[in-house]
Amino acid sequence: MRTLFLISHVPLPRNVGATCAPITCCGRSPGISDVSVVCAVKSDDDPRHLDELRAMCHHVFPFPARPFGGTPTAAAAPEPPSGAPVPGPGGAGAAEAYRSAPAASLLENLAQVPFDLVWIERLHLLPSLPPALPGRVIFDLYDIEHRKLATKLRTGGWRRSLPFDLVDYLKLRTLERSLARRAWDVVVCSDADRQALGARPRVSVVPNGVELPAPGDRVVDPTSPTFVFVGAMFYEANVDAVRFFTREILPRIRQRSPRARFVIVGRDPHPDVAALHDGERSP
C-alpha cells in the first residue's frame, strides 16, 4: 500500500497541535503502508526536523513555503465537477495567497504515481492541487475555520474589520461545506464540526487523542487535585479555554477541594494567560 500525506508545514517539533496530529499519522502508518510526505519548508525550519521526518517515511518531498499571513479564506467559486478539487477563489480571499507554483508542479507530477491513499491536511494546499488525485482521498479538517471565525464574530464586539470578517466567514463556510460534497472522505474532530459541514454521509468523526505517559510511582493526594491544560498558549481558542476554566470552573472545584491547582502548560503565552498566574509555581 502507498500513502501520500500532503501537509502545509514540516510537522515537527511536537510542540503544538498543528504538528502533533500529522506527525502521529505519519509515524503510525509505516507499519501498514509506504508513506510519502509533501510539506512546505520555511527558511528558518530546523533541518534536523526534516531529517527526522525522512527517517520515518519512504519519501519526503519538500517545497519552499511562502510567507503567509492571516486566516486562510476563500471566496465562493463555481461548483467544480464531482471529485475535482475546489479551485482557487478567482483572486479573492486569503486562500489564494496559499497558491504555490512549486507545490502545484510537484503535486501534478505525484498525481501520476499510483498511490492508494492521499491524506490532505487542512486547507492550505487546496489551491495547488491538480485536477485529479490518485486513489482514495481523505481531507483532514481538524480545524473548521469558519466555526472559529464565527466565535470571533459573536464575541469580538464592534471593530472596523467586522464587515470584512463577516464576508470571510461566508466565504469560508461555503468553501468548507463544499469539501463535504466532493467524492472525497472528510475527517473532523467532533460531531459539532460534522454538523457544521452539513452532516454529509462522507464526513466522519475521529476524536482527538493524546499519548499519555507511562504510569509511574506517583503519589496522588485526592485532597489536592491538579488539573493540567496543555496547548499552544498563543492560540486564540486555547486562550479562551483557560480563561473560561479559571473564571467559571475552577472556583466551583475549589468549593469542594480548596487546594485544587490549575496548571497551564504551553509555549508563547498570551498576556491574558500570563495574567492568570497567581504567583505560585508548580513543583
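All of the numbers you see were taken from the coordinates with simple rules; none came from a lab. Source: prediction; values computed, not measured. Neighbour counts are summed over all protein chains in view; Cβ atoms, including those assigned to glycine, are modelled from backbone coordinates with ideal geometry.
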Taking neighbour counts of Cβ atoms within 10 Å as a proxy for exposure, in what order, fewest first, do SER36, SER190, SER128 appear?
-> SER190, SER36, SER128
Range of Cα positions in the stretch 128-283 per principal axis (Å), largest first | 58, 45, 27
Just subtract the alpha-carbon distance of ASP34 and GLN112 from 0.36 nm times their residue separation and send over the number in nm, one decimal.
-> 26.4 nm
Given that compact globular proteins tend to follow 2.2 N^0.38 Å, what is the ratio of the alpha-carbon Rg of the stretch 213-283 to that value?
-> 1.18
For the stretch 132-148, in residue order, the Karplus 3J(HN,Hα) values (coefficients 6.51, -1.76, 1.60; θ = phi - 60°; whole Hz; Gly and Pro = x) are 9, 10, x, x, 6, 10, 10, 9, 9, 9, 6, 10, 9, 4, 6, 5, 5
Among ILE253, ILE264, ILE120, which comes first, second and so on when ranked by fewest other beta-carbon atoms within 10 Å?
-> ILE253, ILE264, ILE120
Using only C-alpha positions, report the orientation-averaged shadow area of the convex hull of the chain, nm², one decimal.
-> 17.9 nm²
Could you tell me how many degrees, from 0 to 90 and to the nearest 10, lie between the Cα long axis of helix 47-56 and the main elongation axis, the longest principal axis, of the Cα atoms of the chain?
-> 70 degrees
Work out how much length PHE61 to ILE249 would gain on full extension: take 0.36 nm times their residue separation and subtract the Cα-Cα distance, in nm to one decimal.
-> 63.1 nm
Longest span of the chain, sites excluded, free of GluC sites (Glu not before Pro) in DSSP loop with at most 14 other C-beta atoms within 10 Å?
-> 1-210
Can you give the extra length, in nm with one decimal, that the chain gains between THR226 and ASP46 once fully stretched, where that is 0.36 nm per residue apart less the Cα-Cα distance?
-> 61.3 nm
